[in-house]
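Chemist: Before anything else, here's the structure in question.
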Amino acid sequence: MDSEDTLALMRLVAAGGRGEPRRQLLGDHGSAAAALAAGRTAWRAAGLTGAQQAALCARSGGNEVEQWRRWLAAAPRRRLIGIHQPDYPALLKHLERPPLALWVMGDADLLWHPSVAVVGSRAASAGGLRNAFDFARGFALAGVAVTSGMAAGIDTAAHEGALAAPGGRTVAVLGTAIDQAYPQRNAGLYARIAASGAVVSELPPGTAYGRGAFPSRNRIVMGLSLGVLVVEAALRSGAAITARLAGEAGREVFAIPGYIHNPKARGCHRLIRDGAGLVEAPGEVLQALEPIALGFGDDLRRRLAAPMNRTGTTAGVAGTAGLPAGSDPQRLWQALGHDPTGMDELVSRTGLTAAELGSMLLLMELEGRVAVEHGRYSRKSQ
């Protein structure tokens, strides 16, 4: 059953036009339903155009909204997350002009998981593809998610590398509508990521796309990530632009050096000259991002309202230290053992939903309390 807020959010999305007035409206009123109920005076005050106001006055939002409702209801783990909602990823929200809403297939909690963006050329060399696969697999083995754009070349190799790691996590950000795999030959990869990771798009189901959607896609890839690794890139390329946007947004940027006569290495060399970190192994990226990943837990705590200890090691976090008596996190901790336990069993033991447990397990994993392998969770050995 669609919630009132989800239906209202779909109508705000369908209104189109500039995003800032609609973001302002949501910020002023706290929910999409309240923003819609506020009426024309509030809409004008937020800066909505006459066309946007007319679209919001339509009783049902039109055929688009009905199509989107059917898509959300057609399968489990499909979500529409608005910028006003607590599940909207904090790193992305801090960008200038963040997307009004995200369409998600798969595990929406992955949008909160610490990740590295791996980007590069569509026409990559064999060595570049190998590097993208190996680095992504190294990140995934370390428990860090890999975010990329599911394009041909480096993006595809990065997703495949993450999926090759046991329990590897990957997020694909599309420049097309959420229900369209692009390029079409990646339809199988799209299905695998939707099943075990997350597929994300700013564009609703059934939406036609243009060239302008792909720069927006690159901003989301960067915005979801703690840092960006450029594997191969020409001087003027989408990957190089993504890296520049990342630097402007305060993200860490890394590049792999290449053969000096390879035109696909020149973008990486330019980035290194401009201050990007030169890296030769996944561990160098992970070491540089570790302090940022620890600080990332603060936003997750606010999302959960969970007063857990912040620490970079497992020392001092054993048992129920920092978990209020009777709280949901304590219930989860009591349900966990040193034997790996699946999500269904944890739902049964705690009475909490999988979505609630997923967020708490992520924070416990960041704090060093919990280990995860092949989708099963256990208390981390001290």
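Chemist: Could you order the peptides 334-341, 253-260 from most to least packed, using the average number of other C-beta atoms within 10 Å per residue? Please report the intermediate quantities before stating the final value.
Modeler: Working: 334-341: 14.0, 253-260: 19.1.
Ranked by mean Cβ neighbours within 10 Å, highest first: 253-260, 334-341.
Chemist: Antiparallel DSSP bridges in the chain: what percent, to the nearest 5?
Modeler: Values: 15 of 35 bridges.
Antiparallel bridges make up about 45 percent of those DSSP assigns within the chain.
Chemist: Put +1 on the Cβ of every Lys and Arg and -1 on every Asp and Glu Cβ in the chain; which of G62, V200, L245 then has its Cα farthest towards the positive end of the dipole?
Modeler: With unit charges placed on the Cβ atoms, the residue in question is G62.
Chemist: Fewest to most neighbouring Cβ within 10 Å: what's the order for R122, R273? Each step should come with its number before you reach the end.
Modeler: On the way: R122 17, R273 10.
Ranked by crowding around the Cβ, least crowded first: R273, R122.
Chemist: For region 64-211, would you read off the P(r) tail past 25 Å as a percentage of all alpha carbon pairs? Write out the running numbers ahead of the final one.
Modeler: Values: 2777 of 10878 pairs.
Above the 25 Å cut-off, region 64-211 has 26 percent of its Cα pairs.
Chemist: What is region 1-74 by shape, rounded, prolate or oblate, if you read a ≥ b ≥ c off the alpha carbon gyration tensor as root eigenvalues and call it rounded for a/c under 1.5, prolate for a/b larger than b/c, and oblate otherwise? Write out the running numbers ahead of the final one.
Modeler: Numbers: a/c = 2.06, a/b = 1.59, b/c = 1.29.
Prolate, because a/c is 1.5 or more and a/b exceeds b/c.
Chemist: Order of T156, T49 from fewest to most other C-beta atoms within 10 Å? Before the final figure, lay out each step's value.
Modeler: Working: T156 23, T49 15.
With the sparsest Cβ surroundings first, the list reads T49, T156.
Chemist: When a/c reaches 1.5 or more, the comparison of a/b and b/c decides; with that in mind, is the chain rounded, prolate or oblate per its Cα gyration tensor? Please report the intermediate quantities before stating the final value.
Modeler: On the way: a/c = 1.70, a/b = 1.08, b/c = 1.58.
Oblate, since a/c reaches 1.5 and b/c is not below a/b.
Chemist: Another one. Quick one: compute the contact order of the chain, relative version, from alpha carbon pairs under 8 angstrom and 6+ residues apart, as a percent.
Modeler: Values: 690 pairs, mean separation 45.5, N = 382.
Computed over the chain, the figure is 12 percent.
Chemist: If you count, for each residue, the other Cβ atoms within 10 Å and average over each peptide, how do 95-103, 138-146 line up from highest to lowest? Walk me through the intermediate numbers first.
Modeler: Numbers: 95-103: 19.9, 138-146: 22.9.
Per-residue mean Cβ counts within 10 Å order the peptides as 138-146, 95-103.
Chemist: Taking amide H positions as placed 1.01 Å from N in the peptide plane, with prolines and chain starts having none, which residues 5 or more places from T147, or on another chain, fall under 5 Å of its amide H?
Modeler: Those lying under 5 Å, H to H, from T147 are V116, A117, V118, V171.
Chemist: Quick check on region 51-101: take the gyration tensor over C-alpha atoms, sort the square-rooted eigenvalues as a ≥ b ≥ c, and tell me if it's rounded (a/c under 1.5), prolate or oblate.
Modeler: Judged from the Cα gyration tensor, region 51-101 comes out oblate (a/c at least 1.5, b/c at or above a/b).
Chemist: Follow-up. What do you get for Rg/Rh of region 157-265 when both radii come from the Cα atoms and Rh is the Kirkwood radius?
Modeler: Values: Rg = 14.7 Å, Rh = 15.0 Å.
That ratio is 0.97, to two decimals.
Chemist: Still on this model: Based on alpha-carbon centroids, what's the gap between region 254-280 and region 5-63 in Å, whole number please?
Modeler: Measuring centre to centre over Cα atoms gives 45 Å.
Chemist: Let me ask something additional. Using a Gaussian network model of the chain with C-alpha springs under 10 Å, which one of R130, R217, R349 is most mobile by mean-square fluctuation?
Modeler: Evaluated over the chain, the most mobile residue of the options is R349.
Chemist: As a test of the formula, what do you get for the chain when each DSSP H run with n ≥ 4 contributes -39,500 (n - 2.57) and the sum is divided by the residue count, at 222 nm and rounded to the nearest 500 deg cm²/dmol? Don't skip to the end; give the middle numbers.
Modeler: Numbers: 17 runs with 177 residues, N = 382.
Mean residue ellipticity at 222 nm (helix-derived): -14000 deg cm²/dmol.
Only the coordinates and a few stated rules stand behind these numbers; no lab work does. All values derive from a computational prediction rather than experimental measurement. Heads up, the Cβs are rebuilt from the backbone with ideal geometry, glycines too, and the neighbour counts pull from every protein chain shown.
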